[in-house]
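Below is one structure, written out as structure tokens; the observations come after it.
The values are calculated or read from the model by the stated rules, or taken from the named source; none is laboratory data. The shown structure was predicted, so the numbers you read here are calculated from the model rather than taken from an experiment. Note: ideal-geometry Cβ built from the backbone for every residue, glycine included; neighbour counts use all protein chains shown. Ligands, DNA and RNA are stripped out before the accessible areas are found, and what is left, the full protein with its side chains, is counted by its heavy atoms. Shrake-Rupley method; radii C 1.70, N 1.55, O 1.52, S 1.80 Å.
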Amino acid sequence: MNIDNHLYKNYLQISNDWPLDDWSITKECFDKIVEILPFGKTILEIGSGNSTNILSKFYKMISIESNEEWMNKYKSKYIYVPFKEMLSEEFGHTTWLDIDILKQNISNLDYDLLLVDAGGDRVGIYDNINLFNTNIPIIFDDTMCEKYFKCANLLSNKVNKKIETFQCKKNKYCVNWWDGKKYSVLI
């Protein structure tokens with residue numbers, strides 16, 4: 001799909017020499033996004049970071065961010081949503097995004113892929129998935145964590161999407177997940 005795009009050569013350069021550590025999305029996750037989403041489309045990400053910088057070279061980015069230190073770092077439309085305690089019907093007491101502030105800021109957004117990569121204890125999305133467009137691909141990062149894997153699977157049932165989980169290779173900057181990270185795609 002993106003092979004004929006003038007940006008494809010830039011994508012290959014980044015993918016072939018992946019510059020990010022394991023706190024960011026992986027090369028495999030980046031490659032999957034490029035596989036399923038045409039360049040120029042819009043990604044709504046929960047949690048921004050160094051991968052925002054790379055993704056913004058190919059996509060329009062909207063970043064929901066709770067850490068003021070990461071606000072307005074890269075080419076993205078940033079939306080500040082602080083954390084708030086919540087009670088999840090499936091996961092119990094947790095910290096996620098302040099729902100009232102989130103609702104005010106995302107109700108009129110148009111986006112083509114949802115990337116769940118932070119937001120406190122990201123399992124809070126399970127109880128609030130109705131706030132998001134679910135007729136698009138959803139990528140849930142870091143599903144090597146049992147709780148996140150469980151959440152991604154429960155979400156796939158809740159929104160009636162197939163789920164596929166991918167095991168990533170260890171990258172040269174791997175410092176935390178020695179067997180490599182995992183991410184799940186709901187499509």
When residues of the range 73-95 are limited to those that are of a type in the set (A, V, I, L, M) and open to solvent by 30 Å² or more (accessible area, probe 1.4 Å), the one nearest to N105 (Cα to Cα): M86
Single match in N133, N157, N153, N128 (criterion: open to solvent by 40 Å² or more (accessible area, probe 1.4 Å) and either outside any helix (DSSP H, G or I) or in contact with a helix residue (DSSP H, G or I) (Cβ under 7 Å, 6 or more places away or on another chain) (or both)): N133
Which residues, counting only those in the range 4-16, are of a type in the set (S, T, N, Q) and part of a loop (DSSP other than H, G, I, E, B)? N5
Whether any residue in the range 17-28 is in a helix (DSSP H, G or I), out of contact with any Asp or Glu (no Cβ under 7 Å at 6 or more places or on another chain) and under 18 Å from D141 (Cα atoms) is what I want to check. yes
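Okay, residues lined up against (1) more than 13 Å from the chain's Cα centre (by Cα); (2) over 23 Å from Y126 (Cβ atoms); (3) buried (at least 21 other Cβ atoms within 10 Å of the Cβ); (4) at pLDDT below 95:
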| site | (1), (2), (3), (4) |
| --- | --- |
| L7 | yes, yes, no, no |
| Y11 | yes, yes, no, no |
| E35 | yes, yes, no, no |
| F39 | yes, yes, no, no |
| L44 | no, no, yes, no |
| L55 | no, yes, yes, no |
